[in-house]
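Here's the structure, in C-alpha cells; my notes come after.
The values are calculated or read from the model by the stated rules, or taken from the named source; none is laboratory data. Because the structure is predicted, anything quoted here is derived from the model rather than measured. Positions of Cβ are backbone-derived with ideal geometry, glycine not excepted, and every protein chain shown enters the neighbour counts.
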C-alpha cells in the first residue's frame, strides 16, 4: 500500500512523462505484470510490450495531456484524474475511425484529435503501476483543426 | 447498454436529485441489488435499503454536489464524473471525488464507486491544513458526521 500523496505524484508524473514522450520513463513506473484498458469497454490488453506500443503511438502523435486534480482511493491502490488531451490525427485517427469511434475528416492533413477522459491507475504493493484504465466514449472525442 | 447522452444525463440527474434533497427520487435511479462504495476502500453498502440510510444521512448533512464534465465508457455501461461534494452539517466538509456508476440493461445503477481520499477532503472555510494536522481534522470531522447519523437533525 502506498499513501495518497505518493499515488497522486505518480499520476502527475505519468502525465509529465507522456507529454515528454519519455516512453522508457513511463514504462519505468509500471510493474512487470501490467494490464490496460484504453478505452474502458473496448480493449483489455496486457503486457509491457503491448503497453509500450500503445504509448509509442501517442508519443508519435505528439500527445499533450492537461491533467486535473487527482483523487486517491482509500483502498491504498487507486488514483484517478480527469484529463483533457490533444494530439495529431495521425497515426491513431484512422484506427479510431475503423472502430466507429470517430468520424473521418475529409483530409487528415493538419487535423488533431481532442478528447476528455478519466485516467485511473492502480498501484501494486511496491508502488509500481499494475493497471491503467482510461474512460472515454464517442462523445468524449472529436477531430479539430 | 445506454447511449452516451443518457449516461451523462443520469450522472447529472443524480446530483440534481441529491441537491433537491429527495431521497425517494435518488433511490429510483438504483437497482435493488446496488453495490455502493463511498469511499472506495470502505466496506460497500449492498442493497437499496442500506443505500436509503446512506442517502438520507447525506441529505440530513445538507449535501450539495457540483458535478464537472462527465465521460463514459465505450461499452455504454459506465459514466465517470469529477464532482465537488460539500456537506454543511454538522460541520462543513468539502470532498473532491471522482464518481463512477455502472448501469445494467434495465437502465438502473447496479454499481457505484466514489473515489476520494483523506487528502481530497477540506475542513470548513479556514486556511488549508497540511500533514498530520489536516489528517486529524478530517478524521475528527468524519467521526462527528458518523456520530450525527441517526440522531435528530442538527438544524
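Can you spot a residue in the stretch A:52-60 that is in contact (Cβ under 8 Å) with a residue 12 or more places away in the chain and assigned to a loop (DSSP other than H, G, I, E, B)?
The answer is no; no qualifying residue exists.
Does the stretch B:23-52 hold any residues that are touching a residue at least 24 places away in the same chain (Cβ under 8 Å) and surrounded by fewer than 16 Cβ atoms within 10 Å (Cβ to Cβ), and which are they?
Matches in the stretch B:23-52: B:33 only.
State the number of residues belonging to the stretch B:1-22 that are touching a residue at least 24 places away in the same chain (Cβ under 8 Å), within 28 Å of residue A:79 (Cβ to Cβ) and surrounded by fewer than 17 Cβ atoms within 10 Å (Cβ to Cβ).
2
Among the numbered criteria (1) under 28 Å from residue B:122 (Cα atoms); (2) more than 9 Å from every other protein chain (Cβ to nearest Cβ); (3) part of a loop (DSSP other than H, G, I, E, B); (4) free of Cβ contacts under 8 Å to residues at least 60 places away in the same chain, which one does residue A:125 miss?
Only one criterion is unmet by residue A:125, namely (4).
Here is a yes/no grid of residues against (1) within 14 Å of another protein chain (Cβ to nearest Cβ); (2) touching a strand residue (DSSP E or B) at 6+ places or on another chain (Cβ under 8 Å):
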| site | (1), (2) |
| --- | --- |
| A:40 | yes, yes |
| A:43 | yes, yes |
| A:59 | no, no |
| A:62 | no, yes |
| A:78 | yes, yes |
| A:96 | yes, yes |
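Can you pull out the residues in the stretch A:6-31 that are in contact (Cβ under 8 Å) with a residue 60 or more places away in the chain and surrounded by fewer than 14 Cβ atoms within 10 Å (Cβ to Cβ)?
A:6
Looking at (1) in a helix (DSSP H, G or I); (2) within 14 Å of chain A (Cβ to nearest Cβ); (3) surrounded by 20 or more Cβ atoms within 10 Å (Cβ to Cβ), which one does residue B:99 not meet, given that it meets all the others?
Among (1) in a helix (DSSP H, G or I); (2) within 14 Å of chain A (Cβ to nearest Cβ); (3) surrounded by 20 or more Cβ atoms within 10 Å (Cβ to Cβ), the lone unmet condition for residue B:99 is (1).
Given the structure, is residue A:49 surrounded by fewer than 20 Cβ atoms within 10 Å (Cβ to Cβ), under 17 Å from residue A:130 (Cβ atoms) and at the interface with another protein chain (Cβ under 9 Å from one of its Cβ atoms)?
Spelling it out, it is not the case that residue A:49 is surrounded by fewer than 20 Cβ atoms within 10 Å (Cβ to Cβ), under 17 Å from residue A:130 (Cβ atoms) and at the interface with another protein chain (Cβ under 9 Å from one of its Cβ atoms).
Mind checking which residues of the stretch B:79-96 are within 13 Å of the chain's Cα centre (by Cα) and within 13 Å of chain A (Cβ to nearest Cβ)?
Across the stretch B:79-96, the qualifying residues are B:80, B:81, B:82, B:83, B:84, B:85, B:94, B:95, B:96.
Any residue at all in the stretch B:64-79 that is closer than 19 Å to residue B:149 by Cα and outside any strand (DSSP E or B)?
Scanning the stretch B:64-79 turns up no residue that is closer than 19 Å to residue B:149 by Cα and outside any strand (DSSP E or B).
Just a yes or no: is a residue in the stretch A:104-113 touching a helix residue (DSSP H, G or I) at 6+ places or on another chain (Cβ under 8 Å), within 14 Å of chain B (Cβ to nearest Cβ) and touching a residue at least 24 places away in the same chain (Cβ under 8 Å)?
Within the stretch A:104-113, none of the residues are touching a helix residue (DSSP H, G or I) at 6+ places or on another chain (Cβ under 8 Å), within 14 Å of chain B (Cβ to nearest Cβ) and touching a residue at least 24 places away in the same chain (Cβ under 8 Å).
Pick from the stretch B:103-134 the residues that are assigned to a helix (DSSP H, G or I) and surrounded by 15 or more Cβ atoms within 10 Å (Cβ to Cβ): which of them is modelled with the lowest pLDDT?
B:134
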